[in-house]
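The values are calculated or read from the model by the stated rules, or taken from the named source; none is laboratory data. A quick note: this is a predicted structure, and the numbers were derived from the prediction, not measured. When we count neighbours, we look across all protein chains shown, and the Cβ atoms used for this are built from the backbone with ideal geometry, even at glycine. These area figures cover heavy atoms from the full protein model, side chains too; ligands, DNA and RNA do not enter into them. Shrake-Rupley method; radii C 1.70, N 1.55, O 1.52, S 1.80 Å.
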Amino acid sequence: MLPGPKETGPYRDRDIDCQEALQSGFRAVTRLTAQNLVEAAGGKLSPALINLAKDAARVGWGLEEAETAISELAQNYLDDLGE
């Protein structure tokens, strides 16, 4: 089960908390091809990643913020691969 946000409304570093909440689920799904990672980094999420975002929404994250967090995780992953 994904952890929900620390507070119900906006707060400092909520975006980082959302990424951290999604990170293990993202890694479980990240048996993705490089092309899928590039697409996710650009905001085009695979069905598995869309389901992860929906799971996050069920525990209190906004769907859009979860999708953004997933895209940022994909970009971070690609950045790490490029180093």
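The table below lists the values:
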| item | result |
| --- | --- |
| Low-density loop positions, trypsin sites (Lys or Arg not before Pro), the stretch 1-61 - DSSP coil, at most 14 other Cβ in 10 Å | LYS6, ARG12, ARG31, LYS44 |
| Extension gain (nm, one decimal) between SER24 and ALA48, 0.36 nm per residue minus Cα-Cα | 7.3 nm |
| With every protein chain in place, the chain: carbon and sulfur % of accessible area (1.4 Å) | 50 |
| Rounded accessible area per residue of the chain, 1.4 Å, Å² | 63 |
| Theoretical gain in end-to-end length, ALA34 to LEU78 [0.36 nm per residue, Cα-Cα removed] | 15.0 nm |
| Loop-resident sites, the chain, for chymotrypsin sites (Phe, Trp or Tyr not before Pro), counting at most 11 other Cβ within 10 Å (DSSP) | TYR11 |
